[in-house]
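The values are calculated or read from the model by the stated rules, or taken from the named source; none is laboratory data. It should be emphasised that the depicted structure is a prediction, and the values quoted were computed from it without experimental measurement. Heads up, the Cβs are rebuilt from the backbone with ideal geometry, glycines too, and the neighbour counts pull from every protein chain shown.
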Amino acid sequence: MNAIKKYVAECIGTMALVILGCGTAMLVGCDAANGGGYILTALAFGLTIVGMAYCVGNISGCHINPAVSLGVLLSGGMTVADFVGYVISQCIGALLGSGVLAGIFSFGNVTDQTGGFGSNGLAGVNGSIFAGLLVEIVLTFFFVLTILGVTSKKAGHGSFGGIVIGFTLVLVHILGIGLTGTSVNPARSLGPAVFAALTGNTTPIVQLWVFIVGPLVGAALAAGCYKFLESESKEETK
C-alpha cells in the first residue's frame, strides 16, 4: 500500500508540473524576444516543483521526473522495482496533465501559443540533434546533481531543499527554453508530444527520443559524479 501511495503521489506531482508549467507556456508563449512569457514559463515550472516538494515530497520524495528517479536509483536511493513504478506513474501523470490542458484549451477556445501543448523541440538549435542532446545532457546534469546534493543526509538543508531545487529548475529553464524548450524530464516531454501528435503536429513526437535520451544520460552522469565527489568527501573525514 505504501508503494501505491508513492506512485499516486508521483502521478499527481507530474500532472501538476505539466498543467502548470506547460499550461503557462501555452498561454503566454515562450518567445525569447518577448521576455515576459519566457520568464513566466521558467517560474511556472520551478514554482510548481517548490509547491509539489512540500505537498508530496514526504510521501514519494517528489521526483516527478524519470531522470531524477534514475539519478536516485544509480545513487542507491531506491530499488529497481520502485524505479519502474515511479517512471510509469510519472508518464501517466504527464499524459493526464496534457489531457487536462487539451480540454481547457479546446473547450475554452484558447490559442496555444506554443503550437504543440508546450512540447519540446529542436527549433532553437536549428534542428541540430547533437546540440539538442548536449543542451539536455548538460542542463539535466546540473539539475540532478543539485538534487542529489540537496537531498543528501549530510547536506543539512532541511526544509529549504524544495526551494533550492525549484529555483534550480527555474535557472535551467532560463537558458534552455530558447534552445530546446527545456525538458530535463522525459515524462514532461512525453505528454505534450503525444497530444500534439493527436492534433496533427507530429514534429514533437518524432524528436521525442532526444528528450528521453538526453535527460537520462545527464542524470546518469550526475549520479556517477556525485558518488565520486561524495566518496572523496567521506575519505577526507576519516
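Assorted remarks:
- The set of residues in the range 128-180 that are among the aliphatic types (A, V, I, L, M), within 20 Å of ASP31 (Cβ to Cβ), in contact with a Gly (Cβ under 7 Å, 6 or more places away or on another chain) and assigned to a loop (DSSP other than H, G, I, E, B) contains only LEU179.
- Yes/no for ILE129 being surrounded by fewer than 18 Cβ atoms within 10 Å (Cβ to Cβ) and β-branched (Val, Ile, Thr): yes
- Per this entry, VAL100 is not counted among residues that are farther than 24 Å from VAL28 by Cβ, in a helix (DSSP H, G or I) and not polar (S, T, N, Q).
So that you can scan it fast, the table gives a plain yes or no per residue for (1) under 19 Å from ILE64 (Cβ atoms); (2) of a type in the set (A, V, I, L, M); (3) out of contact with any Leu (no Cβ under 9 Å at 6 or more places or on another chain):
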{"site": "GLY178", "(1), (2), (3)": "no, no, yes"}
{"site": "ALA193", "(1), (2), (3)": "yes, yes, no"}
{"site": "GLY200", "(1), (2), (3)": "no, no, yes"}
{"site": "VAL206", "(1), (2), (3)": "no, yes, yes"}
{"site": "ALA219", "(1), (2), (3)": "yes, yes, no"}
{"site": "GLY224", "(1), (2), (3)": "no, no, no"}
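Conditions (1) free of Cβ contacts under 8 Å to residues at least 40 places away in the same chain; (2) in contact with a Pro (Cβ under 7 Å, 6 or more places away or on another chain); (3) not hydroxyl-bearing (Ser, Thr, Tyr), marked per residue:
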| residue | (1), (2), (3) |
| --- | --- |
| VAL87 | no, yes, yes |
| GLY103 | yes, no, yes |
| ALA131 | no, no, yes |
| LEU139 | no, no, yes |
| LEU145 | no, no, yes |
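- Residues within the range 89-126 that are surrounded by 14 or more Cβ atoms within 10 Å (Cβ to Cβ), hydroxyl-bearing (Ser, Thr, Tyr) and at pLDDT below 95, tallied: 1
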